[in-house]
Each structure stands twice: as C-alpha cells, then as structure tokens.
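Asks: I'd like to ask you about the structure that follows.
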Amino acid sequence: MSDFREILNQAKQQIREVSVQDVQDKLNPDNGFTLLDVREGDEWEQGHLNKAIFLPRGFLEVKADKILPDKNQAIVVYCAGGTRSALAAKTLQDLGYTDVYSMAGGFNAWKNNGFPFITPEKVGKDQMARYSRHLRIPEVGEQGQLKLLKSRVLLVGAGGLGSPAGVYLAASGVGTLGLVDYDVVDESNLQRQILHWTSSIGMPKVDSARRTLFEVNPDVKVRTYPIHLDASNIVDIFKDYDVIVSGSDNFTTAYMVNDAAVLTKKPVVYGSIFRFEGQMSTFIPYEGPCFRCLYPSATPPELAPSCDEAGVLGVLPGVVGLIQATEVIKLLLKLGTPLAGRLLAYDALEMTFRKFKIPRDPNCATCGPNAHIDLAAIPEFVCSVQTTSNRG
Ligand SMILES: [Zn+2]
C-alpha cells in the first residue's frame, strides 16, 4: 500500500509541470490554454487567475466531460500549492485528456510573483435569500444579480406605468431607481398607481413612491426629481442612468425623453395605455427606430386624448408596466431579444398581443442621417380639452 507521498511522486512523474512564469508568459487563455482551478469554493472566492474555469477537484471526474468537452484542449491545472493540481492533472490524463499541465507552486506562487489575479465580487450573505430565485437561474446567477445591483434605471413618471415597473424593478434588486414626477398623489390615482396608498393622498408622488420602494427593498437607492423634464435639465439627468422607462402620457415629455435619449444614447423602454389597450416598444438609439421614427409629428391629433382623464382600466398598466420592467431587466442583463423595431399592442378585451414591425425612418429628425436635435424647440403639447394633469 503506497502512502500519500508515494502517490504524489508517482503522479508527478507521469504529468508535466510548468512554472507560474510559463503560465504568465505563454500558457494562458490568450494563447488558447484553458486554466483550470481545482481548489474549493472559498479559495476561489479569495482570488483566482483571470479567465480560469472553476472545477473543484472533488467534482473533477463527474463534471470534466461537461466543462471540458474537448479532450485535446491544452489545460493548465492549478491549486493553492501544486499538490492537488498534480493529482488532478493525473486524473485528467486517466480520463483521456491528452495535453494537461500542472502549475507548480500553484496560486500561492502566482501571487508571490506579483502576477495579476481577480477577486470575484459576491452578492452579500445577507442578500442571498432575497435574490435566491435569481441566483438559481443560470442566465442571471450571481454575476447577473451583481449587475442588477449596480444598474441605474430612470422612471419618467411615478404613475400608472412607473408603479408596477418601479415595484418589480426594486424587488428584482435594480440598485438605483430614479423617479421623475412633479405631481402630488390624488385619490383618482389609487385605482391603478400601486406605488401610492390611501395614506399618500396629497404627498408628492416621488416621496410616496420612495416610501413604498424602500419597503419593497431597502437595498435600492431611490433618487427623486420632483420637476418637469425640460431642455435645461433632461440631459444631465439621463447621463446618470443605464435605461430610461418612459411612462408619461404627455406628448411633450415623450418627445423630450426620446430626443434626449438619442442624444445621450440611452435605451428607452416605452409604454402607453388607453382604456383597454396598451402599447409597448424598446427604442435603442441608432440600433432600431426611435419614438420619432414612429410618430414624426410632435402633436398627432388622433393621439390627443392621452393627457385628459380619458379612462383606463385599473389593471391595464400592470400588464404594460411589467412588460416594460421585463424589457429593462433583459437590456441590463443582455438577455433574449429586446422589443426593438417592434411595437407590441395589447388588447385586454380580446386578450391579444400583436406585434408590428416598425422600421427606422431615414428622414427621422432625431435619429436620421440629417437629424437636428433641438430640445428647446420641442413644442408644449396642449390638450384639446384642458383638464387637470393626470398621468397614466
Ligand atoms: Zn428616429
């Protein structure tokens, strides 16, 4: 019966060892080598080589096929000091891998030589439970959740659409939510604007929304802008955000948002609601059409009823706002296909979703080749029947 030392010596005679210097100079992922870290999870988390693949030695035999499908790929295995990697290299050879090396001295020698390594960022222990259902989706996972926590989303309007979008984006752990709204909460808002409660009546909407969002998820920073967006402030605000959610029913604001978003190259997730019908799209500057490609004229008369109290089914903004929130998460995590170049029309009575292709307009005044964006020149939209302002 051989003891451990003997097993190790035998393994070392049957494998090829390379130095940390060799790995730094040439045997690295930039030159087609796969770096395999066979340490335990807590060691990996303290730091590891850039672009290394994590596969603890205990799982090597079970998972090698899946994680290292090509038996002829060049693999440099490392551990903390070079012992486990020598044994792992031997195991890989026994499994049929033909081009395996063990990095002598391991991660400790790598660090002692002053070579670069990365320390993975982690979702905090106190956040693991809250985001556990995201962490279990491979396409989101810890890196996706960290990305969400670092993301910044601006909601233009804390009304019907901003409410469901805001609540779910906060619950999802989008780290910073900006809210633009100058209104105060009115009793007629409560039928659909779920950010606001009966006790919020009379409060500025941004303050009422902040209170709700903090209760939903205290991880989220809420920045409030109780102002009208106009040419003097919009670009400065947009610059700080990754995605803009447009939930305003005011056409001046819709064009202002569009033109400022194209100027600052920020994607806009657009939604609108009217009675039983909703429309949604995602405008990604210069990749797809913008709002003005779709509605070139600043005040289309057929769309005029939007700023009065035209009526909207209370549950309708829930559907539309959540599709907007879904688009936001997809954009932030680069998942799936955004609703760019397509208008999604929802009819609650027929329970249909129809998609219409919307092309870029080569003559678009905002995103076309001869575009001229002048935020100060966007006309004030006047309602045909003047009523109190009442968003979405
Ligand atoms: Zn356009």
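Every number in this text was worked out from the coordinates using simple rules, so none of it is lab data. No experiment lies behind these values; they were computed from the predicted model shown. So basically every Cβ, Gly included, is an ideal-geometry build from the backbone, and we count neighbours across all protein chains shown.
Asks: Go ahead and estimate [θ] at 222 nm for the chain from helices alone: -39,500 (n - 2.57) per DSSP H run with n ≥ 4, summed, over the residue count, rounded to 500. It would help to have the intermediate numbers written out before the result.
Replies: Working: 14 runs with 127 residues, N = 392.
Theoretical 222 nm ellipticity from helices: -9000 deg cm²/dmol.
Asks: I've got another one for you. For the chain, what relative contact order do you get, as a whole percent, if you take Cα pairs closer than 8 Å and at least 6 residues apart?
Replies: Values: 764 pairs, mean separation 50.1, N = 392.
Over the chain, the number comes to 13 percent.
Asks: Measure off 7 Å from each Cα along the Cα-to-Cβ vector at Glu287 and Ser132, then give the distance between these two points in nanometres to one decimal.
Replies: Between Glu287 and Ser132, the simple spin-label model gives 3.4 nm.
Asks: For the residues Ser102, Ser163, Ser172, what sequence is obtained by ranking on other C-beta atoms within 10 Å, fewest first?
Replies: Details: Ser102 29, Ser163 26, Ser172 22.
So the ranking, lowest neighbour count to highest, is Ser172, Ser163, Ser102.
Asks: Then there is this: Dipole magnitude of region 66-154 about its Cα centre, charges +1 at Lys/Arg Cβ and -1 at Asp/Glu Cβ only, in debye to the nearest 20?
Replies: Values: 13 positive and 7 negative charges, 89 e Å.
It works out to roughly 420 debye.
Asks: I would also like to ask the following. Where both partners of a DSSP beta bridge lie in region 17-132, what percent of those bridges are antiparallel, to the nearest 5? Before the final figure, lay out each step's value.
Replies: Values: 1 of 13 bridges.
Given both bridge residues lie in region 17-132, the antiparallel proportion sits at roughly 10 percent.
Asks: Could you give the nm distance between label points at Glu139 and Lys125, where each point is 7 Å from its Cα heading toward the beta carbon?
Replies: That separation, rounded to one decimal, is 3.3 nm.
Asks: Going by average Cβ density within 10 Å per residue, which order do the peptides 245-251, 288-294, 3-9 take, highest to lowest?
Replies: Details: 245-251: 26.6, 288-294: 22.7, 3-9: 10.9.
Sorting 245-251, 288-294, 3-9 by mean packing, highest first, produces 245-251, 288-294, 3-9.
Asks: Now for a separate question. If I stretch the segment between Trp197 and Lys265 completely, what's the gain in nm (0.36 nm per residue apart, minus their alpha carbon distance), one decimal? If you can, show how the numbers build up before the last one.
Replies: Details: separation 68, 0.36 × 68 = 24.48 nm, distance 3.52 nm.
Answer, rounded to one decimal: 21.0 nm.
Asks: Rounded if a/c is under 1.5, else prolate if a/b beats b/c, else oblate: with a ≥ b ≥ c from the C-alpha gyration tensor eigenvalues square-rooted, which is region 71-160?
Replies: Values: a/c = 3.23, a/b = 2.32, b/c = 1.39.
Verdict is prolate for region 71-160.
Asks: Okay, next question. Pull out the extension gain between Phe4 and Asn363, defined as 0.36 nm times the separation in residues minus the alpha carbon to alpha carbon distance; nm, one decimal. Can you show the working numbers first?
Replies: Numbers: separation 359, 0.36 × 359 = 129.24 nm, distance 7.59 nm.
Computed gain between Phe4 and Asn363 is 121.7 nm.
Asks: Got a sec? How would Met351, Met203, Met256 order by Cβ neighbour count within 10 Å, fewest to most?
Replies: Details: Met351 7, Met203 16, Met256 22.
Fewest to most other Cβ atoms nearby, the residues stand as Met351, Met203, Met256.
Asks: Restricting the count to DSSP beta bridges whose residues both fall in the chain, what percent are antiparallel, rounded to a multiple of 5? Walk me through the numbers on the way to the answer.
Replies: Details: 19 of 51 bridges.
Within the chain, antiparallel bridges account for around 35 percent of the total.
Asks: Still on this structure: What are the ³J(HN,Hα) couplings of region 13-22, residue after residue, when phi is run through the Karplus curve with 6.51, -1.76, 1.60 and θ = phi - 60°? Round to Hz, x for glycine and proline.
Replies: Here the 3J(HN,Hα) series is 6, 9, 10, 9, 9, 10, 8, 4, 4, 4 Hz.
Asks: Here's something else I'd like to know. Just rank Val174, Val76, Val62, Val167, fewest to most, by other beta-carbon atoms within 10 angstrom. Walk me through the numbers on the way to the answer.
Replies: Working: Val174 28, Val76 25, Val62 10, Val167 22.
Going from least to most buried by this count: Val62, Val167, Val76, Val174.
Asks: Angle, helix 205-216 long axis vs. longest principal axis of the chain, Cα atoms, 0 to 90°, nearest 10?
Replies: Rounded to the nearest ten degrees, it is 30.
Asks: Counting other Cβ atoms within 10 Å of each Cβ, which trypsin sites (Lys or Arg not before Pro) in region 86-141 have at most 10 and sit in a DSSP loop?
Replies: Arg136
Asks: One-quarter of the Cα convex hull surface for the chain, in nm²? Walk me through the intermediate numbers first.
Replies: Numbers: hull surface 99.7 nm².
Computed as one quarter of the Cα hull surface, the answer is 24.9 nm².
Asks: Jot down the per residue volume, in cubic angstrom and as a whole number, of the convex hull over the alpha-carbon atoms of region 163-313. Display every interim value, and only then the final one.
Replies: Values: hull volume 17.1 nm³, N = 151.
In region 163-313, the Cα hull volume divided by residue count equals 113 Å³.
Asks: While we're here: Taking the Cα-to-Cβ direction at Asp25 and at Arg342 and moving 7 Å from each Cα, how far apart do the two end points lie in nm?
Replies: Distance between the two pseudo-spin positions: 5.3 nm.
Asks: I would also like to ask the following. Computed FRET efficiency, Cβ-Cβ of Lys221 and Asn113, R0 51 Å: what is it to the nearest 0.05? Display every interim value, and only then the final one.
Replies: Values: r = 40 Å, r/R0 = 0.79.
The pair Lys221/Asn113 has a calculated efficiency of 0.80.
Asks: Given a Förster radius of 51 Å and the C-beta distance between Asp374 and Gln73 as r, what FRET efficiency does 1/(1 + (r/R0)^6) yield to the nearest 0.05? Please list the in-between numbers first.
Replies: Numbers: r = 56 Å, r/R0 = 1.10.
Rounded to the nearest 0.05, the efficiency is 0.35.
Asks: Give the peptides 213-222, 367-376, 143-152 in descending order of average Cβ contacts within 10 Å, highest first.
Replies: Numbers: 213-222: 16.6, 367-376: 12.5, 143-152: 18.8.
With the highest mean Cβ count within 10 Å placed first, the list reads 143-152, 213-222, 367-376.
Asks: Would you tally the net charge around Pro218, using a Cβ to Cβ cut-off of less than 12 Å, leaving Pro218 out, and scoring K and R as +1, D and E as -1? Intermediate results must be reported in sequence, preceding the final value.
Replies: Numbers: positive: Arg130, Arg210, Arg211, Lys221; negative: Asp126, Glu215, Asp219.
Once all neighbours under 12 Å are counted, the net charge is +1.
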